[in-house]
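All remarks here apply to the structure that follows.
The values are calculated or read from the model by the stated rules, or taken from the named source; none is laboratory data. In this text, all values refer to a predicted model and were calculated from it rather than measured experimentally. No Cβ is skipped: glycine too gets one built from the backbone with ideal geometry, and neighbour counts run over all protein chains shown. The area values use the complete protein model at the heavy-atom level, side chains included, leaving out ligands, DNA and RNA. Shrake-Rupley method; radii C 1.70, N 1.55, O 1.52, S 1.80 Å.
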Amino acid sequence: MMTFSKHNILTPIAGSDKFILLNLLRGNADILSAEKAREIREERYTDVDEYIAKGYLVDPEQDERLFRQRYLDFLDERDSDELQVFFVPWYACNFGCRYCYQEGYSNEHQLPTRELVDRFFQYVHATFAGRRKYLTLFGGEPLLDGPAYRDVVQYFLEKAHHAGLETAIVTNGYLLSDYVEMLSRHRIREVQVTLDGLARVHDLRRPLKGGGTTFDRIVHGIDQALALNIAINLRVVIDRENISELPALAAFAIQRGWTSHPKFKTQLGRKDRKS
């Protein structure tokens, strides 16, 4: 007996009278009219052959066997995939982003010692021996002003370089221009930087703590990084407030010459489900 797969999702499309039908196990998706969605909910299937071919209607035993096989394939791939190992040197940050989720995190200014960094690398080597991997500097904001902060970043990058590991850096980009010369000497996979639109919108959403604009400094840092062939991953945090900024920001990136650089790419993120 054919039944509606438990791996299906049928849900309305916001702002439309249409529905989307997804099968997560097989990777199929279709846009349906309200009438077709009603037929499915009432189990009155008028497109049986198509639904069977796409895996929406299934033999439950066959569906379960496929799920088990896909899960075993996932485990095999996970064991051979490249690992991303995070290192958070501090949660301190110089930005006061309106949507920051780390406001309640510890903001103590006790910096990691070289001994702690050494132990991190010992852990990585011992725990992930034989696995493909790369490191990510995260925060807080990992690229802060001051010699003590720079010394920690410098030592970490030296250790990563000697270990033959690439490092990605997730930064707000405000002080990127102060670090690019250091980064150019090490194995940097990419620097992820966020711009939430052009200056007016971005500076409202991602100001300095205590106030102050950030857009122009970030743009300058991206320019310098690309000039030194440091890969940039430009991220935009999208919600209702700034989604209309995307075309203008794209045009800005094109005009700036970023999009023609072989080491420039983009990434979209969302703030939360209520946005």
Out of all the residues in the stretch 259-269, which are in a strand (DSSP E or B) and either open to solvent by 50 Å² or more (accessible area, probe 1.4 Å) or polar (S, T, N, Q) (or both)? K265, T266, Q267, L268
Those residues of the stretch 133-173 which are in a strand (DSSP E or B), open to solvent by less than 10 Å² (accessible area, probe 1.4 Å) and over 24 Å from T214 (Cβ atoms) amount to L135
If we keep only residues of the stretch 228-258 that are assigned to a loop (DSSP other than H, G, I, E, B) and touching a strand residue (DSSP E or B) at 6+ places or on another chain (Cβ under 8 Å), then the residue modelled with the lowest pLDDT is D239
Has the stretch 53-70 got any residue that is open to solvent by less than 50 Å² (accessible area, probe 1.4 Å), assigned to a strand (DSSP E or B), of a type in the set (F, W, Y) and at pLDDT 95 or above? no
Qualifying residues in the stretch 199-212 (those that are open to solvent by 90 Å² or more (accessible area, probe 1.4 Å) and either among the aromatic types (F, W, Y) or in a loop (DSSP other than H, G, I, E, B) (or both)) - the one nearest to E141 (Cα to Cα): K209
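State which residue is nearest to D145 (Cα to Cα) when the search covers only the stretch 71-99 and only residues that are part of a loop (DSSP other than H, G, I, E, B) and among the acidic types (D, E).
E82
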For the stretch 73-101, give me each residue that is surrounded by 13 or more Cβ atoms within 10 Å (Cβ to Cβ) and of a type in the set (S, T, Y). Y91, Y99
Some residue of the stretch 175-196 being more than 21 Å from K263 (Cβ to Cβ) and either of a type outside the set (D, E) or not in a helix (DSSP H, G or I) (or both): yes
